[in-house]
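Trainee: A single structure is presented below for examination.
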Amino acid sequence: MAKIIEISGLSLGFQRDEQQHTVLENLHLGVERGEFLAIVGPSGVGKSTLLRVVVGLTQAFAGDVKVLADKTPNRRPIAMVFQEARLLPWRKVLRNIMLGLEGLDLDAATRRERAERALSLVGLAHCAERWPHELSGGQRQRIGLARALAVEPELLLMDEPFAALDAITRQGLQDELLRIWAETKKSILFVTHDIDEAAYLADRVILLGGSPAHVTREFSIRTPRPRARDGAALAAAVGEIRAGLSESYAYRVASSA
Amino acid sequence: MTKTKTLALGAVGLVSLLLLWEGFARSGAVQSTLIPAPSAVPAAWMSEWDLGFWQDMVAASFSHYAVGLLIGSFLGVCIGVAVALMPRVNASQAWIVRIVRPIPPLAWIPFAIIWFGVSETAAAFIISIGIFWINYFAALTAVQSVDKDLIEVARAFGHHSAIGRLFKVILPAASPGILGGLRTGLGQGWMTVIAAELFGIPGIGQRMIEASGLLATDVVVLYMLTIGALYGITDYIFMLAQNRLLAWQK
C-alpha cells in the first residue's frame, strides 16, 4: 500500500527563553492511504504539536515530514479538525465551511456547492444559515469536520476532536466519523488519550510515551468492521493497549525521576 | 417588562422632568433669565428658525463634527490596528502615548488657532483629537485580544498572508471593540464640538456664547437641547447599524 505521509526522524517540543525543550524525539511514522491511524499517549507527549507540525502551523526541531498527496489547485492535501470546533463566530455555518475554499482556485458557485456537500455529509444541511452560537457542542464539532472535508483533503488530522463532548454525543460522532471515513476513503491521523476510542475507530494504534516521548508500542486492530463496542475482540485489543500504556507510563515516570 | 411599558415609562420620566422644571421656573423663586422655563424654548426656536440662525448653526456644527469625526475615527482605527499588529512599534509607543494622550482636546486650541487660524479646520482638528484617542485605544485593545486560536485556524486553512489574516479573522474578530470605540467617539465628538466653537468659529457653540452675552438664556437652552437631540439621533442610528453588524454575537 502506498503511504500518504512519511514522517522521519522528527523531533519537536516547545521553546522557552530561547531554549528548545524536546518533548517528542526521533519519530518515524507513516500513514497508509485510506488508513485510520490513532496516536494515543498521555498529555504533554507532543501529540497536538505533531499534528501542528504536519499541517504547517509550527516548526519541528529536526526531521522531515513528507506529504505524498497529489497537489491540485482546487484541493488541500491536508486538513485539520481541532479539539474545540474553532468556528468563526461572525460567519454563518455555510460560510464557516467555505473558509478553506477561499484560497483555492474555485468560483463562488463551486465553493458554495462544495460547502453544501460537506455540510450534508455531516448531516447538518438544515443548519447552513445558522450562527455558530446557535448550535450545540456536537453540532459545532461536526461543522468543524465539514470545514475540513470541504477542501477534499487526502489526509485528515484530528486533534482529540471529541474530547470536549459528553459521552453520548461522542459515541454518535465516532460512528458518524466512521461512516464518513468509509464513504470518502480519507486517510485519518487521529490523536486521542481515550484508549476505547482509539481501539474502536482505528486500524492501527500507536502509543507514545517516555520522556522525551517516542513510539513505545504499536497495535494493529484487526477486529472486523462494523465493530461492536462491547465485543470481546475489541475488549481484548483495549486490554492490550491499556497494558502497553501503563508500561510506558511507568517508564516515563522512571526516566523523569 | 414589555416594550410598550418600557417606552411608556421613559415618556413618563421625561414629561415629569419637564413639568417639574416648568413649575420651578414659573414659581418665581428665581429670575426667568437664570432658569428659563421649557415652555419658552419653542418660541425661541421659532425666532431662531425665522432668522435662519438655527439651520445655519446646526449645519455648521454638523460639518465640523462630521469632518473631525471622520478624520479622528479613521486615523484612530487604522493606527490602532497597525500598532497592535507590530509588537515592536507597540512597545515603543507606550510612553509617547502615556504622555500625549492625557492632554485634553481643548488644550490644543492655542495651537489649532496658530496653525489653522480661527477656522473650520481648527474646529475639526480639535474635535478629531479626542475622537482619535478613543478609537486608537479601542482598536489597539480589540486587535490585541483577538483569539489566537482563530488566527491559527485561518492559517491551517491556507490563509498565510498577513492581509488574508487581517480581513478573514483579525478585523471581524476585533469589530465589536472597534465599533464600541466608534460609538464612544460619536458622543465625545458632540461634547468637543461646542467647546471648539466657543472661541469664535461659527456654529452652535458660538451662538450660545452670543446668546448668553445678551442673557437670552432661552436661546442657550434651545441650543443645549439641540445638541442633546443631535447626539441622541446619531447615537441611535449608529446603534441600529451596530446591531446589524454584530448580529452574530450572542
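Throughout, read-outs are computed from the coordinates displayed, never taken from laboratory work. These numbers come from a predicted model, not from an experiment. Here the Cβ is made from the backbone with ideal geometry for all residues, glycine too, and neighbour counts use every protein chain on show.
Trainee: Determine, at each q value in 0.14, 0.18 (inverse angstroms), the log₁₀ of I(q)/I(0) that the Debye formula gives when each Cα of region A:1-102 is one equal point scatterer.
Mentor: Taken in order of the listed q values, log10 I(q)/I(0) reads -0.69, -1.02.
Trainee: Which entries in A:LYS66/B:LYS168; B:LYS5/B:LYS168; A:LYS3/A:LYS92; A:LYS186/B:LYS250; A:LYS47/B:LYS250; A:LYS3/B:LYS168 show an alpha-carbon gap greater than 31 Å? Mind dumping the intermediate values first?
Mentor: On the way: A:LYS66/B:LYS168 29 Å; B:LYS5/B:LYS168 42 Å; A:LYS3/A:LYS92 36 Å; A:LYS186/B:LYS250 35 Å; A:LYS47/B:LYS250 33 Å; A:LYS3/B:LYS168 34 Å.
With Cα atoms farther than 31 Å apart: B:LYS5/B:LYS168; A:LYS3/A:LYS92; A:LYS186/B:LYS250; A:LYS47/B:LYS250; A:LYS3/B:LYS168.
Trainee: A further question on this structure: Can you tell me the 0 to 90 degree angle between the C-alpha axis of helix B:204-213 and the longest principal axis of chain B, rounded to 10?
Mentor: 30 degrees
Trainee: Using the per-residue mean of other Cβ atoms lying within 10 Å as a proxy for protection, in what order, highest first, do the peptides A:130-136, B:124-130 fall?
Mentor: Details: A:130-136: 15.6, B:124-130: 26.3.
In descending order of packing, they fall as B:124-130, A:130-136.
Trainee: Assigning unit charges at the beta carbon (Lys, Arg +1; Asp, Glu -1) and nothing else, what dipole magnitude in debye, to the nearest 20, does chain B show about its Cα centre?
Mentor: On the way: 14 positive and 12 negative charges, 236 e Å.
Using Cβ point charges on Lys, Arg, Asp and Glu, chain B gives about 1140 debye.
Trainee: Quick check: pseudo-label points 7 Å beyond the Cα along Cα→Cβ at B:VAL15 and A:HIS193, how many nm apart are they?
Mentor: Roughly 6.5 nm, to one decimal.
Trainee: Then there is this: Can you show me the helix-derived [θ] at 222 nm for chain B, built from DSSP H runs with n ≥ 4 at -39,500 (n - 2.57) apiece and divided by the number of residues, rounded to the nearest 500.
Mentor: Details: 11 runs with 195 residues, N = 250.
Mean residue ellipticity at 222 nm (helix-derived): -26500 deg cm²/dmol.
Trainee: Given H placed on each backbone N at 1.01 Å, which residues far from A:LEU27 in sequence or on other chains put an amide H within less than 5 Å of it?
Mentor: Distant-sequence amide H within range of A:LEU27: A:GLY9, A:LEU10, A:SER11.
Trainee: Can you order the peptides A:73-79, A:224-230 by their average number of other Cβ atoms within 10 Å per residue, highest first? Provide the component values of the computation, followed by the final result.
Mentor: Values: A:73-79: 18.6, A:224-230: 11.0.
Highest to lowest by the protection proxy: A:73-79, A:224-230.
Trainee: For region B:31-76 and region B:171-250, write down the distance between their C-alpha centroids in whole Å.
Mentor: The two parts, judged by their Cα centres, are 11 Å apart.
Trainee: How far apart, in nm, are the 7 Å Cα→Cβ label points at B:ALA247 and A:ALA232?
Mentor: In this crude label model, B:ALA247 to A:ALA232 measures out at 6.0 nm.
Trainee: I've got another one for you. What list do you get for B:ASP147, A:ASP194 if you sort them by fewest beta carbons within 10 Å? Don't skip to the answer; put the middle values down first.
Mentor: Numbers: B:ASP147 13, A:ASP194 16.
Final ranking by Cβ density, sparse to dense: B:ASP147, A:ASP194.
Trainee: Which whole number gives the average count of other chain Cβ atoms within 10 Å of the Cβ atoms across peptide A:146-155?
Mentor: 1
Trainee: Same structure, new question: When 1/r is averaged over all different Cα pairs and the result inverted, which Kirkwood radius in Å belongs to chain B? Mind showing how you got there, number by number?
Mentor: Details: mean 1/r = 0.0478 Å⁻¹.
So the Kirkwood estimate lands at 20.9 Å.
Trainee: Run the helix sum for chain A: -39,500 (n - 2.57) per DSSP H stretch of 4+ residues, divided by residue count, reported at 222 nm to the nearest 500 deg cm²/dmol. Intermediate values should be presented prior to the final figure.
Mentor: Working: 7 runs with 92 residues, N = 257.
Result for chain A: -11500 deg cm²/dmol, rounded to the nearest 500.
Trainee: Compute the distance from the alpha-carbon center of region B:101-134 to that of region A:72-118, in whole Å.
Mentor: 48 Å
Trainee: Continuing with this model, one more query. Once phi is turned into ³J(HN,Hα) by the Karplus curve 6.51 cos²θ - 1.76 cosθ + 1.60 with θ = phi - 60°, what whole-Hz value does each residue of region A:39-51 show in order, with x for glycine and proline?
Mentor: 10, 10, x, x, 4, x, 8, x, 5, 5, 4, 4, 5
Trainee: Just the Kirkwood number for the protein assembly as shown, please: inverse of mean 1/r across all distinct Cα pairs, in Å, one decimal.
Mentor: Working: mean 1/r = 0.0359 Å⁻¹.
It is 27.9 Å.
Trainee: For chain A, modelled as a GNM with alpha-carbon contacts under 10 angstrom, which of A:ALA233, A:ALA118, A:ALA109 fluctuates the most?
Mentor: The residue that fluctuates most here is A:ALA109.
Trainee: Right, here's the next one. Given B:PHE62, B:LEU222, B:GLY187, which one lies farthest toward the positive end of the charge dipole of region B:39-245, if we put +1 on the Cβ of every Lys and Arg and -1 on the Cβ of every Asp and Glu?
Mentor: It is B:GLY187, whose Cα lies furthest towards the positive end.
Trainee: Also, quick follow-up: Given H placed on each backbone N at 1.01 Å, which residues far from A:PHE36 in sequence or on other chains put an amide H within less than 5 Å of it?
Mentor: A:ILE188, A:ASP203, A:ARG204
Trainee: Using +1 at the Cβ of each Lys and Arg and -1 at the Cβ of each Asp and Glu in region A:58-147, identify which of A:LEU119, A:THR58, A:ALA69 lies farthest towards the dipole's positive end.
Mentor: A:LEU119
Trainee: Same structure, new question: Taking the inverse of the average 1/r across all pairs of different Cα atoms in region A:57-98, what Kirkwood radius in Å do you get? Present the calculation step by step, with values, prior to reporting the outcome.
Mentor: Details: mean 1/r = 0.0736 Å⁻¹.
Every distinct Cα pair counted, the radius reaches 13.6 Å.
Trainee: What translational diffusion coefficient, to the nearest whole µm²/s, does chain A have by Stokes-Einstein, given a Kirkwood radius computed over alpha-carbon pairs, a temperature of 4 °C and 1.567 mPa s viscosity?
Mentor: Numbers: Rh = 19.0 Å.
This corresponds to a translational diffusion coefficient of 68 µm²/s.
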